[in-house]
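The values are calculated or read from the model by the stated rules, or taken from the named source; none is laboratory data. This one's a predicted model, so the numbers in the text were calculated from it and none came from an experiment. Glycine gets a Cβ as well: all are built from the backbone with ideal geometry, and neighbour counts include every protein chain shown.
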Amino acid sequence: MRLFVGIEVPYEMRRNLELLLQLLQPKARIQWSSMKNLHITTKFIGDIPDEDVQVVKDTLAEVPVAGDLRIAIQGLGWFPNPHHPRVFYAGVQAYDGLKNLARETDLLCVQLDVPPELKPYHPHLTLARIKEPVDLQPLQKAIAELPSVEFGAFTATHFHLYESKLKPAGSTYYKLASYPLSK
């Protein structure tokens, strides 16, 4: 199974971003994300044999809880940069709590022989992927004309273990387990 750990984005934020994408999608022919799959990844685990999934679930139950996380969705950006982008994203502001959750999850997953993250953690919501060169000027112009790039805030009370099933029309995510952020 292909697994990752993340935080679910509530309907209100997904709806705000869905309205944004309705405005932006006609501006560029890129691979736009499905809003039903929107989540904040804290750790990509990768392929795990089915028989080891329970060990992953049990290990994640050991992640220290730091309390509910206040998360704001604001700002738009490009990875790795706006000149040669591969990903268009919405920013996630969560102060240190989300970074701590990602770090603690990463440390525990190393015990499962999952390689540690080498890049600094940069929480975001992937809105689109750019797989081939395309004229992004109309999209960038539309973004510059937006009245606001604040899409709402919420309090996360749980993180989740997800399975990602790759399909021709895109990935589908299934929640396998949930863990409280506070006791």
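Points to keep in mind about this one:
- Here Val65 clears all of (1) modelled with pLDDT of 95 or more; (2) out of contact with any Phe, Trp or Tyr (no Cβ under 6 Å at 6 or more places or on another chain); (3) surrounded by fewer than 16 Cβ atoms within 10 Å (Cβ to Cβ); (4) not small (Gly, Ala, Ser) except the condition numbered (1).
- Residue in the stretch 163-175 that is of a type in the set (A, V, I, L, M), at pLDDT below 95, within 30 Å of Arg103 (Cβ to Cβ) and exposed (fewer than 15 other Cβ atoms within 10 Å of the Cβ) present: yes
- Output for the stretch 81-90, where each listed residue is without any contact (Cβ under 8 Å) to a residue 40 or more places away in the chain and crowded, with 19+ Cβ neighbours inside 10 Å: Tyr89
- Output for the stretch 16-38, where each listed residue is surrounded by 13 or more Cβ atoms within 10 Å (Cβ to Cβ) and free of Cβ contacts under 8 Å to residues at least 40 places away in the same chain: Glu18, Gln25, Met35
- Candidate set from the stretch 91-142 (those that are of a type in the set (S, T, N, Q) and exposed (fewer than 12 other Cβ atoms within 10 Å of the Cβ)); member that is farthest from Arg29 (Cα to Cα): Gln111
- Residue match in the stretch 67-80 (condition: over 29 Å from Leu136 (Cα atoms) and acidic (Asp, Glu)): yes
- The strands (runs of 3 or more DSSP E) found entirely in the stretch 128-183 that carry 3 or more residues being over 18 Å from Gln74 (Cα atoms), in contact (Cβ under 8 Å) with a residue 24 or more places away in the chain and not small (Gly, Ala, Ser) are 158-165, 172-180.
- The stretch 91-123 - residue that is part of a loop (DSSP other than H, G, I, E, B) and among the aliphatic types (A, V, I, L, M) and, of those, farthest from His158 (Cα to Cα): Leu118
- Filtered residues of the stretch 40-98 (kept if of a type in the set (Val, Ile, Thr) and in contact with a Pro (Cβ under 6 Å, 6 or more places away or on another chain)): Ile40, Val92
- Condition check for Leu112: over 29 Å from Val149 (Cα atoms) and touching a helix residue (DSSP H, G or I) at 6+ places or on another chain (Cβ under 7 Å): yes
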